[in-house]
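For reference, the structure discussed in these notes is given below.
The values are calculated or read from the model by the stated rules, or taken from the named source; none is laboratory data. On a predicted model such as this, the values are computed, not experimentally measured, just so you know. Glycine gets a Cβ as well: all are built from the backbone with ideal geometry, and neighbour counts include every protein chain shown.
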Amino acid sequence: MIFLMINLIKYVRKIRIMSKYKIRKVCCIGAGYVGGPTMIVFANKCPDIEFKVVDINAARINQWNQEDLSKLPIYEPGLDKLLKKCRNKNLFFSTDLENSISQADMIFLSVNTPTKNKGIGAGKASDLKWVEASARQIAKYGEDHTIVVEKSTLPVRTAETIKKILDNSQEETTKSVKRKEFSVLSNPEFLSEGNAIKDLEYPDRVLIGGDNEKAIDALENLYINWVLREKIIRTNLWSSELSKLAANAFLAQRISSVNSISAICEETGADIKQVSKAIGTDSRIGNKFLMPSPGFGGSCFQKDILNLVYLCEFYKLNEVADYWQGVVNINNWQKSRISKLVVNKLFGNVSEKKIAILGFSFKANTNDTRNSPSIDICNDLLEEGAKLRIYDPKVGKEQIKKDLENKLKSNYEKGDWEYCKSIKESTLDSHAIIVLTEWDEFKTINLKEIFQGVKKPSWIFDTRLILNKEDALKAGFSYWSLGS
Ligand code: NAD
Ligand code: UGA
């Protein structure tokens, strides 16, 4: 009899633990470039689980709920088709944080973590106010046991802060009947924009950091619906948080390395395409991420390296801080040397000259302009008095206006620029054409036809190495390309 009772108690306990970690409902706080695509893929791969993506930005949520799929807030190849399959079935976009949080068994934090622009650590440290606000909302509305997953990229040991906020919510609720319990995991996202769906469906690895094995199992159980278990790496919390920063720093470092070599090529007669190939065929180095460019952009590389630099300075690792700061310095130098070079080639003067800017997003296949090198280069040329004619297949006038107005140093003028709807409109009557983003559409420009409409002599500056030099010269252009 006693034996039976003990077994029964054990069984009930096991069922309670299993049900505590059973994931039926998931909430994601933040409906941005990470929260949106990530949850769309999760919802498609886990049809029996309900996913709610919530955001304080009601306009963004409305866009996610648009019938017209060309009006989604994010452009990402393949995203619309996947969204259609699961939206309003097991995936919902909403501003109702309270209910979505209280019903969730697991909550992903996918809020923005930009570089602080004022206060302690300004210019380097990440601004964690949105993370903290979300943690407080979870502490307030969370019920029973909730697994909180850091998806945002965060400084090492942020999980500790989140835990403290969540644990303190216990005291606030001692009078409440329901007990709250939280487990915190780190599960950084490695998707790259423009390739997000492929990266999410076929990740190189999934990283889960934490100290609660059952909570890690619960998250792993979602991923194994489509990711091989061998690809799931389990670490402690701090390794997971640091690995994300380090991975971005390594990727950005490769770009600064190849960009620094591009400058040496220009001086010596070497060709960066050939050098890149020669370096990349060494299997220890590998051939990816060796494309020279006007500089890396995007919301994360610079922010994450600066965050790493801040961390190093905090721990008095000044030499390490200087090392990583160098990657950002080269990136800034690359942008400004391109602006100077354009001015020099145009007889040291671009004032009143029309210049066609082809590409405003920070890379092809995205409408994201955050930290795009185009912003800095346009800004430099506007400061020199150029008249810019800007065309990008996916970035609209309002976004360009916002970016340029934020950046322009001179407050007495807004800069002379116009938004154009096509390559033809942008290049008409121009003195020079600068290719700043590697959109496919630019690779097949009819240079002969374009040359008919430009002011002579006319320059093409190809910062992405996507045009054919011979074609450009044959058409009549003077031609400069990065690193040759
Ligand atoms: P984003 O700015 O596109 O989206 C963040 C969203 O969070 C915004 O819509 C914002 O309104 C919302 N938000 C902020 N505070 C909130 C709150 N308290 N409650 C509800 N919603 C709130 O940012 P993103 O590009 O998706 O990046 C998010 C995080 O993921 C960052 O830490 C970033 O470093 C990391 N990351 C980004 C990428 C990328 O490709 N963009 C890739 C990997 C990792
Ligand atoms: C990058 C990383 O690739 C992702 O793994 C990471 O998840 C993400 O940052 C993040 O944490 O936000 P993303 O910024 O979307 O993704 O795009 P990338 O393809 O990495 O390109 C970043 C910048 O580097 C772009 O401006 C691109 O033009 C430039 N780049 C990239 C080069 O100049 N040369 C290259 O060879 C590759």
**Request:** Could you tell me whether any residue of the range 400-410 is closer than 15 Å to residue 356 by Cα, buried (at least 22 other Cβ atoms within 10 Å of the Cβ) and touching a helix residue (DSSP H, G or I) at 6+ places or on another chain (Cβ under 8 Å)?
**Result:** no
**Message:** Can you find, within the range 272-305, the residue that is nearest to residue 466 (Cα to Cα) among those that are out of contact with any helix residue (DSSP H, G or I) (no Cβ under 7 Å at 6 or more places or on another chain) and within 16 Å of ligand 1 (Cβ to nearest atom)?
**Reply:** 298
**Fill in**
In the range 451-484, anything of a type in the set (Gly, Ala, Ser) and part of a loop (DSSP other than H, G, I, E, B) is listed as 453, 458, 476, 483, 484
**Asked** Restricting attention to the range 205-221, does a residue exist that is exposed (fewer than 15 other Cβ atoms within 10 Å of the Cβ), part of a helix (DSSP H, G or I) and not charged (D, E, K, R)?
**Response** yes
**Message:** Tell me yes or no: at least one residue of the range 105-119 is more than 22 Å from the chain's Cα centre (by Cα) and modelled with pLDDT of 95 or more.
**Reply:** yes
**Item:** Matching residues, the range 343-365, being away from ligand 2 (no atom under 16 Å from the Cβ) and not in a loop (DSSP other than H, G, I, E, B)
**Value:** 343, 344, 345, 354, 355, 356
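Residue by residue, here is whether (1) within 16 Å of ligand 2 (Cβ to nearest atom); (2) not hydrophobic (A, V, I, L, M, F, W, C); (3) not in a strand (DSSP E or B) holds:
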{"residue": "61", "(1), (2), (3)": "no, no, yes"}
{"residue": "67", "(1), (2), (3)": "no, yes, yes"}
{"residue": "77", "(1), (2), (3)": "yes, yes, yes"}
{"residue": "113", "(1), (2), (3)": "yes, yes, yes"}
{"residue": "133", "(1), (2), (3)": "no, no, yes"}
{"residue": "140", "(1), (2), (3)": "no, yes, yes"}
{"residue": "153", "(1), (2), (3)": "yes, yes, yes"}
{"residue": "156", "(1), (2), (3)": "yes, no, yes"}
**Item:** Matching residues, the range 188-232, being β-branched (Val, Ile, Thr), without any contact (Cβ under 8 Å) to a residue 60 or more places away in the chain and within 15 Å of ligand 2 (Cβ to nearest atom)
**Value:** 206
**Prompt:** Does the range 208-220 contain any residue that is aliphatic (A, V, I, L, M), within 16 Å of ligand 1 (Cβ to nearest atom), within 26 Å of residue 135 (Cα to Cα) and at pLDDT 95 or above?
**Reply:** yes
**Fill in**
For the range 372-393 the number of residues that are assigned to a loop (DSSP other than H, G, I, E, B), surrounded by fewer than 23 Cβ atoms within 10 Å (Cβ to Cβ) and touching an Asp or Glu at 6+ places or on another chain (Cβ under 9 Å) is 2
**Fill in**
Note on the range 451-484: residues over 34 Å from the mean Cα position of the chain (by Cα) and β-branched (Val, Ile, Thr) are 454
**Asked** residue 339: buried (at least 18 other Cβ atoms within 10 Å of the Cβ), among the small types (Gly, Ala, Ser) and in a helix (DSSP H, G or I), yes or no?
**Response** yes
**Message:** Can you find a residue that is acidic (Asp, Glu), in contact (Cβ under 8 Å) with a residue 24 or more places away in the chain, away from ligand 2 (no atom under 11 Å from the Cβ) and in contact with a helix residue (DSSP H, G or I) (Cβ under 9 Å, 6 or more places away or on another chain) anywhere in the range 308-315?
**Reply:** yes
**Request:** Report, ordered by the first and then the second residue, all pairs with beta carbons closer than 6 Å, sequence separation of six or more or different chains, a first member in the range 270-281 that is under 16 Å from residue 254 (Cβ atoms), and a second member that is outside any helix (DSSP H, G or I).
**Result:** 272/292; 272/483; 276/290; 279/285; 280/287; 280/290
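Yes or no, residue by residue, for (1) within 16 Å of ligand 1 (Cβ to nearest atom); (2) part of a helix (DSSP H, G or I); (3) within 28 Å of residue 34 (Cα to Cα); (4) at pLDDT 95 or above:
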site	(1), (2), (3), (4)
234	no, no, yes, yes
244	yes, yes, yes, yes
270	no, no, no, yes
312	no, yes, yes, yes
**Item:** Filtered residue count, the range 348-369, keeping only those that are among the charged types (D, E, K, R), within 16 Å of ligand 1 (Cβ to nearest atom) and either under 15 Å from residue 397 (Cα atoms) or free of Cβ contacts under 8 Å to residues at least 60 places away in the same chain (or both)
**Value:** 1
**Request:** Sort out which residues of the range 50-59 are in contact (Cβ under 8 Å) with a residue 40 or more places away in the chain and either out of contact with any helix residue (DSSP H, G or I) (no Cβ under 7 Å at 6 or more places or on another chain) or within 16 Å of ligand 2 (Cβ to nearest atom) (or both), and write them in order of number.
**Result:** 50, 56
**Fill in**
Note: among 368, 304, just one is under 23 Å from residue 122 (Cα atoms), within 14 Å of ligand 2 (Cβ to nearest atom), of a type in the set (Asp, Glu) and under 23 Å from the mean Cα position of the chain (by Cα), namely 304
**Request:** Filter the range 235-257 down to residues that are more than 15 Å from residue 306 (Cα to Cα) and in contact with a helix residue (DSSP H, G or I) (Cβ under 6 Å, 6 or more places away or on another chain), then give me how many there are.
**Result:** 1
**Prompt:** So which residues in the range 119-131 are in a loop (DSSP other than H, G, I, E, B) and surrounded by 15 or more Cβ atoms within 10 Å (Cβ to Cβ)?
**Reply:** 121, 124, 125, 127, 128
**Prompt:** Tell me, which residue of the range 282-295 that is within 8 Å of ligand 2 (Cβ to nearest atom) and free of Cβ contacts under 8 Å to residues at least 60 places away in the same chain is nearest to residue 155 (Cα to Cα)?
**Reply:** 289
